[in-house]
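Presented below is the structure to which this report refers.
The values are calculated or read from the model by the stated rules, or taken from the named source; none is laboratory data. Predicted model, so just to flag it, every value in this text is computed and none were measured. Every residue, glycine among them, receives a Cβ derived from its backbone with ideal geometry; neighbour counts consider all protein chains shown.
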Amino acid sequence: MSNDKVGAVLVVGGGISGMQSSLDLADAGFKVYLIDKLPSIGGVMSQLDKTFPTNDCAMCIMAPKLVGTGRHHNIEVISNTEIESIEGEAGNFNVNLVRRPRRINEEKCTGCGVCGAKCPVEAIDEYNWGLTRRGATFIRYPQSVPLKFMIDKEKCIGCGICQEECKAEAVEYDQEEQKFDLNVGSIVLSPGYSMFDPSLKTEYGYGRYKNVVSSMEFERFLSATGPFAGTVMRPSDGDIPEKVAFLQCVGSRDSQAGSEYCSSVCCMFAMKEAIIAQEHSEGLKSHIFFMDLRAFGKEFDDYYTRAQEEHKIKFTRCRVAEVREVPETNNLIIKYVEDGEVKEEEFNMVVLSTGFRPPENVKEFAETLGIDLNKYDFCSTGVFSPLETSREGVYVSGVFNGPKDIPDTVAQASGAAAKASSIISSERGKMITPKEYPPERDVLGEDPRIGVFICHCGINIGGVVNVPDVVEYAKTLPNVEHAEHNLYTCSEDTQKGIKEKIVEHNLNRVIVASCTPRTHEPLFRSTTKEGGLNPYLFEMANIRDQCSWVHMHDADNATKKAKDLVRMAVAKSRLLEPLYKLELNVFQSGLVIGGGLSGMTAALEMAKQGFEVHLVEREKELGGNLRNIYHVLSEKGEDPQKMLKEIIEKVKNDDKIKLHLETTVKSIEGFMGSFTTELSDDTKIEHGVVIVATGGQEYKPTEYLYREDSRVLTQMDLEGKLAKDEIKPNSVVMIQCVGSRIEERPYCSRICCADAIKNALKIKEKNPDAQIIVLYKDIRSYGFREDYYREAADKGVRFIRYDDENKPEVTKEGDDLVVSINDPILGEHIKIKPEYVVLSAATLPQPDNEELAKMLKIPLSKDKFFLEAHMKLRPVDFATEGVFLCGLAHSPKFIDESISQACGAVSRACTILSDEIMELEPTISEIIDENCDGCAYCIDPCPFNALTLIEYMRNGNVKKTVERNEAACKGCGVCMATCPKRGVMVKGFTLDQISAMIGAALEVV
Amino acid sequence: MEEGAAEGVTQEEEFEPLILAICCNWCSYTGADLAGTSRLQYPHNIRIIRVMCSGMVHPNLVIDALSKGADGVLMCGCHPGDCHYLEGNLKAEKRADALFLMLEDLGIEPERYRLEWVSASEGQRFAELMKDFTDTIKSLGPSPYKMY
């Protein structure tokens, strides 16, 4: 590895994966170049309406990350860009890139959108999968980052209208392709995926029948920003469908389609679409045709149950043979086999759950980067190196290394960020250049002197609102010293002008009346700061989105409303106070609880990042469940026990890791940045973060004669006996879902299907003639594990389905073990006398999770695993800041998934550990001690446990009051709304400030 | 006849209510922005106040607004489960129950206060809500506390 390492990372692909990697890296002190081949970031998630299993609005939960990425001072978003070649090695790469011309100057474009609205061209809108039209001058979606338009040269007719209309003079038709280099230390690949082309499955009629659509198209139908504004309509005639069929595994688990793997997410995706469609359109009936229902993720089976019981979605287990159109009605007839009978059913619409394919042009991409692909052309990785490509210094996350859902992607994205930064950890903070600001003017005690800057936004505001009139009005408001109008308030020259006006008029408050603070407040706050004022002395009025754009045909009332909004902003502005970022001291070390694979991985990764870490394990030995794993399903044939030894050696020899064996955690006090922990041996440790990696355990069955007969084993027992050559079975019956997917434990244990297949193959390897029968409910060999399911079936392993009404029975006849089961295909009761019965037992949460949960003030899920901050986008974070989660403690998962999560938890932890001092937003709550009487009403409602009741002596009396933990408080203000005594205020949104706005709104002018 | 004429006059000077919409930053205010970028037209009677969370709005603020002449107050938060602060919106929902009792005491029609969920992608819904709530308030007539 080169000695001159570079503290910058190139992230390729700006979907949710690339954004998460970028944010983690940037927060941990590295410079990030995020490139995307599209004109804006956001990836596929930006096209989703809702996300399973919470049915969260995708845009709602993604927007903060989108905006955060766009405005982060350590992230440079470079759109329309692809890699041409790479030289150098891990630690120091030189990357040659090429950027397609946007034909609109990014510096000048304000994103106002007049060009797009006036463009006469109607081109296919790829964002809506071709279901709507857009101009040749366009933006991918309304919340695009960067919010810059682009001219599609292929579609542009060169009429020149956009150039005439653009008041910012941003149109540059003659922009050319641009080549440039970047010097980075490591690279993260998250190029995403493409979708299977369903027209290749001619039997389903996609492309021929209008009412056969793909699942991604249907997602746009459901979206409020989609082609039908959220109304589910049939493409053929706009009718609202009454019956919709969902066909699973279209281009997945299909050797004819060349994609034998399972796409992992479509089962959940289809259920979600069916549920949301039924919500949108009352009376709609959905019917899902599937092979195995693969709801293997955390709380996914509950979702499946709700889909059946609450939403009455019909599920039929079969592969649909054919879809036929009824020409008169454009309805569709589905032909399928159920219970051995050929059936036909008519639907108004058919949704094809199309599978994931590798990204387009993946072979050239891999060649350019010098990385290996697997046999399906996804990125090749190993079980113990899930984030590493074959090229050192180049890491991977997201669907590019295998189909996966959003939470797994986000955990991997964080994990890849940890990997990418650990090899350049010595360069942390070196490529970051903090912005220099002039000294801040002290305005305390001054009367408010307000400057109001009102934006025409080209013609976006000025075309409707009488801006000069609003300016004249603003001048009449109390404390307004200066008011003016600007063509674009956000343009470079106006920014300069605002700074000059601050000095010239000795202003101490700035108001901009223009667009939305969600996108522009950071810019104007920065301008305010550059003008020598505290950035929190800035306020905005949104007279574009709330006046000119929504009252386009009512100029008088739009103008009147703009005046009102300015008056409200002035009223609040008068009460603004300077606020200062809070600084938190950080102990730059970590505590990892649990010394299994996840915990050891987390400790090693944290050490690689340069931080000291305490690893606490209650047992004598490290290794946890990995000690019982002897083989894995993998092309590369990794030996788990050899890997385990190596990992343990590394942990023991790393002088940054302080190992505490046979030790438990007695107590943990403190908060993000400064925790103090006491261990069972009375050792006290100070640390800035906690990673919970306490693992899980295999269920010891009480059913099927386990413990009564030594020939009844669990999969883990079997694996050990096979590895040690203790047994060589001739006949085995495996029973799946023992202790999982039952009433008292409704979740799927995720790993048992592949484990059963793995052990079945092992038996076959030792004894090809062995008779193996697997009794199952659904085979959930998701992703590339599907290959081994097929291999097992090819080698003669029999898979027989059972359902809850017909569970297998294990009895003894004399000395023989007898398994009885109804074979649904043969339709008869069969009896088997195997040599061994092997139970695929559930993975259980640790029984003492509750204790640790209380200690750390973190929640458990209903299944008693730890519950993360957000199931979709914060899979390894807890709502309690500074505490992170990985491995089986989160939910059952495989080795590679545990490693990804462990690395992810470290990446998230490093965003806190990266500096001795951490800056926090000041817009959090503040206790007004003289008003607080210690009633404690606020304490329980606080969602972040940030408030504590305390007592202190004041003038010889005990005074009760509440203390706010600044590291935990997020400024939601639930306390403020609960307090009967005005004893707590959220800075920037105090009762007085909101009240002033209300008062101003009610003033009649 | 005379009565009919009087009615005609009131119709010409149609009551234009003054309505406050308090919107949370993360979902509803974003939904309002989307209504804007999508150029969805809705009544001009609404003045939006941005707060970080619907859960931060003290019931006294709502009572204050309604007793000082606001003809209606519409509180908009994230759909349950979407709250940026986990459950602030649910707190707002609980407070709404208490608010209705207070409104009853003040003799203010309960229809003048409404709590609604609007997501970041529901620009259309936001605009429709604004129309719907404005219509409701128009049919109620001016607030009994209107000072002018």
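Any idea how many residues of region A:611-637 are surrounded by fewer than 16 Cβ atoms within 10 Å (Cβ to Cβ) and closer than 24 Å to A:Ser422 by Cα?
0
How many residues does region A:76-97 hold that are under 30 Å from A:Met871 (Cα atoms) and either at the interface with another protein chain (Cβ under 10 Å from one of its Cβ atoms) or crowded, with 23+ Cβ neighbours inside 10 Å (or both)?
Residues of region A:76-97 under 30 Å from A:Met871 (Cα atoms): A:76-79.
Narrowing further to those that are either at the interface with another protein chain (Cβ under 10 Å from one of its Cβ atoms) or crowded, with 23+ Cβ neighbours inside 10 Å (or both): A:77, A:79.
Looking only at that region, the number is 2.
For residues in region A:110-146 being of a type in the set (Ser, Thr, Tyr) and assigned to a loop (DSSP other than H, G, I, E, B), which is surrounded by the fewest Cβ atoms within 10 Å (Cβ to Cβ)? Quick ask: steps written out before the conclusion?
At the first step, the residues of region A:110-146 found to be of a type in the set (Ser, Thr, Tyr) are A:110, A:127, A:132, A:137, A:141, A:144.
Pick out the ones that are also assigned to a loop (DSSP other than H, G, I, E, B) and you get A:110, A:132, A:141, A:144.
On the way: A:Thr110: 25, A:Thr132: 15, A:Tyr141: 17, A:Ser144: 23.
The residue in question is A:Thr132.
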Checked region A:496-519 for anything surrounded by 20 or more Cβ atoms within 10 Å (Cβ to Cβ) and closer than 17 Å to A:Lys167 by Cβ; matches are A:Ser514, A:Cys515
Name the single residue, out of those in region B:80-93 being surrounded by fewer than 24 Cβ atoms within 10 Å (Cβ to Cβ) and free of Cβ contacts under 8 Å to residues at least 40 places away in the same chain, that is farthest from the other protein chains (Cβ to nearest Cβ). B:Glu93
Hits in region B:99-136 - residues which are crowded, with 24+ Cβ neighbours inside 10 Å, over 28 Å from A:Tyr141 (Cα atoms) and within 14 Å of another protein chain (Cβ to nearest Cβ): B:Arg112
Among helices (runs of 4 or more DSSP H) completely within region A:546-665, the ones holding 3 or more residues that are closer than 25 Å to A:Lys893 by Cβ and among the basic types (Lys, Arg) are A:640-653
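Taking the criterion of being without any contact (Cβ under 8 Å) to a residue 12 or more places away in the chain, within 27 Å of A:Thr843 (Cα to Cα) and surrounded by fewer than 16 Cβ atoms within 10 Å (Cβ to Cβ), would at least one residue in region A:281-296 satisfy it? Give the derivation first.
First, the residues of region A:281-296 that are without any contact (Cβ under 8 Å) to a residue 12 or more places away in the chain: A:282.
Still in the running and within 27 Å of A:Thr843 (Cα to Cα): none.
Within region A:281-296, none of the residues are without any contact (Cβ under 8 Å) to a residue 12 or more places away in the chain, within 27 Å of A:Thr843 (Cα to Cα) and surrounded by fewer than 16 Cβ atoms within 10 Å (Cβ to Cβ).
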Matching residues, region A:924-976, being assigned to a loop (DSSP other than H, G, I, E, B), within 19 Å of A:Glu881 (Cβ to Cβ) and more than 14 Å from chain B (Cβ to nearest Cβ): A:Asn965, A:Glu966, A:Ala967
Return the only residue of A:Asp556, A:Asp493 being closer than 30 Å to B:Glu128 by Cα and free of Cβ contacts under 8 Å to residues at least 40 places away in the same chain. A:Asp556
Which ones in region A:322-343 are surrounded by fewer than 13 Cβ atoms within 10 Å (Cβ to Cβ) and at positive phi? A:Asp339, A:Gly340
What's the number of the condition A:Val410 fails, among (1) in contact with a Pro (Cβ under 9 Å, 6 or more places away or on another chain); (2) modelled with pLDDT under 95; (3) β-branched (Val, Ile, Thr)? (2)
Out of all the residues in region A:561-582, which are facing chain B (nearest Cβ under 10 Å) and either touching a Cys at 6+ places or on another chain (Cβ under 7 Å) or without any contact (Cβ under 8 Å) to a residue 60 or more places away in the chain (or both)? A:Lys561, A:Leu565
Within region A:977-1005, the residues that are in a loop (DSSP other than H, G, I, E, B) and either in contact with a Lys or Arg (Cβ under 6 Å, 6 or more places away or on another chain) or basic (Lys, Arg) (or both) are A:Lys981, A:Arg982, A:Lys987
Which of the residues belonging to region B:57-79 are more than 10 Å from chain A (Cβ to nearest Cβ) and surrounded by fewer than 24 Cβ atoms within 10 Å (Cβ to Cβ)? B:Ile63, B:Ser67
Which numbered condition in (1) over 30 Å from the mean Cα position of the chain (by Cα); (2) within 14 Å of another protein chain (Cβ to nearest Cβ); (3) within 19 Å of A:Ser491 (Cβ to Cβ) is the only one that A:Gly111 fails? (1)
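Could you grab me the full set of residues in region B:38-56 that are among the aliphatic types (A, V, I, L, M) and facing chain A (nearest Cβ under 7 Å)?
Keep residues of region B:38-56 that are among the aliphatic types (A, V, I, L, M), which gives B:40, B:46, B:48-49, B:51-52, B:56.
Result: B:Leu40, B:Ile48, B:Ile49, B:Val51, B:Met52, B:Met56.
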Give the number of residues within region A:13-71 that are within 14 Å of chain B (Cβ to nearest Cβ), assigned to a helix (DSSP H, G or I) and in contact with a Cys (Cβ under 8 Å, 6 or more places away or on another chain). 1
Limited to region A:671-702, what total is found for residues that are free of Cβ contacts under 8 Å to residues at least 12 places away in the same chain and outside any loop (DSSP other than H, G, I, E, B)? 2
